[in-house]
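Asks: Would you mind keeping the following structure in view while I ask a few things?
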Amino acid sequence: MRWLACLVVLAAEPASADGEYAAFLFGGGDLGGDLDDRMGGAGRLRVVSGRRYDGWAREETLTWDGGGDGEAHHNLVGYSLAKKRFKRMSEHVALYARGSFGLVLLDGAQVGPSVGLATGAQVQAPVEKYSLTLSVIVEVGAEASYLLPAELDATFAYYLSGFAIGVPFD
């Protein structure tokens, strides 16, 4: 279903407005693969800096995932670059598909590549005094990582909500 939602957004007429934005998202999810035994579920924080152009966006993202199995707490920190495609549904609502590639670090010792795919919705409310918009975001996604030197594979299915401030989409 997630793949179908991404294809619909990518094929549709874009929402556009060129300019910068910043976002802060938080939520949780379920880890799978080798990290499932170590962390189980995890909380996630994501800080985003982005630039929107012609219905697309480029993002730089820092993420932190923390969780434990009851005996130990583990931290998974990541940096990624992402491309996002927006589809305007109404004056204040847009859907998007987001793909990312980055690096993750587990407990400061194991590092590896990460790829992700997500779909989301963004609802904006203009703050006309400052020519900005404040948006509420809801996102569902999945990522896969391979951590070295321990050769751990990990998947992370997550849900996030948060807010963004930046240029309004047209």
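Asks: Given the structure, is Ala150 surrounded by 14 or more Cβ atoms within 10 Å (Cβ to Cβ) and farther than 19 Å from Gly29 by Cα? Talk me through it step by step, then tell me what you get.
Replies: Details: surrounded by 14 or more Cβ atoms within 10 Å (Cβ to Cβ): no; farther than 19 Å from Gly29 by Cα: yes.
No; evaluated as a whole, the condition is false for this residue.
Asks: Taking Gly67 as the residue in question, decide whether it is more than 16 Å from Ser161 (Cα to Cα) and either touching a Leu at 6+ places or on another chain (Cβ under 7 Å) or small (Gly, Ala, Ser) (or both).
Replies: For Gly67, the condition - more than 16 Å from Ser161 (Cα to Cα) and either touching a Leu at 6+ places or on another chain (Cβ under 7 Å) or small (Gly, Ala, Ser) (or both) - is met.
Asks: Counting only residues that are more than 13 Å from Gly166 (Cβ to Cβ) and more than 18 Å from the chain's Cα centre (by Cα), which one in region 117-145 is surrounded by the most Cβ atoms within 10 Å (Cβ to Cβ)?
Replies: Only one residue fits best here, namely Glu128.
Asks: A further question on this structure: Given (1) of a type in the set (Gly, Ala, Ser); (2) within 18 Å of the chain's Cα centre (by Cα); (3) under 21 Å from Phe26 (Cβ atoms); (4) surrounded by fewer than 17 Cβ atoms within 10 Å (Cβ to Cβ), where does Ser114 come up short, assuming only one miss?
Replies: (4)
Asks: In region 52-84, what residues are more than 13 Å from the chain's Cα centre (by Cα) and under 17 Å from Val115 (Cβ atoms)?
Replies: Result: Leu76, Val77.
Asks: A further question on this structure: Kindly indicate which of Arg85, Arg38, Arg51 is surrounded by 14 or more Cβ atoms within 10 Å (Cβ to Cβ), among the basic types (Lys, Arg) and within 23 Å of Asp107 (Cβ to Cβ).
Replies: Arg38
Asks: For the list (1) within 15 Å of Gly116 (Cα to Cα); (2) of a type in the set (Lys, Arg); (3) in contact with a helix residue (DSSP H, G or I) (Cβ under 8 Å, 6 or more places away or on another chain), I need the number of the one condition that Arg44 fails.
Replies: The one condition Arg44 does not meet is (3).
Asks: Buried (at least 20 other Cβ atoms within 10 Å of the Cβ), under 19 Å from Ala154 (Cα atoms) and not polar (S, T, N, Q): does that describe Leu76?
Replies: It is true that Leu76 is buried (at least 20 other Cβ atoms within 10 Å of the Cβ), under 19 Å from Ala154 (Cα atoms) and not polar (S, T, N, Q).
Asks: Something else: On the given criteria, is Gly102 in contact with a Leu (Cβ under 7 Å, 6 or more places away or on another chain) and either at pLDDT 90 or above or closer than 16 Å to Val136 by Cβ (or both)?
Replies: yes
The values are calculated or read from the model by the stated rules, or taken from the named source; none is laboratory data. Note that the coordinates shown come from a computational prediction; the quantities given were computed from them, not determined experimentally. Positions of Cβ are generated from backbone atoms using ideal geometry, with glycine treated the same way; all protein chains shown enter the neighbour counts.
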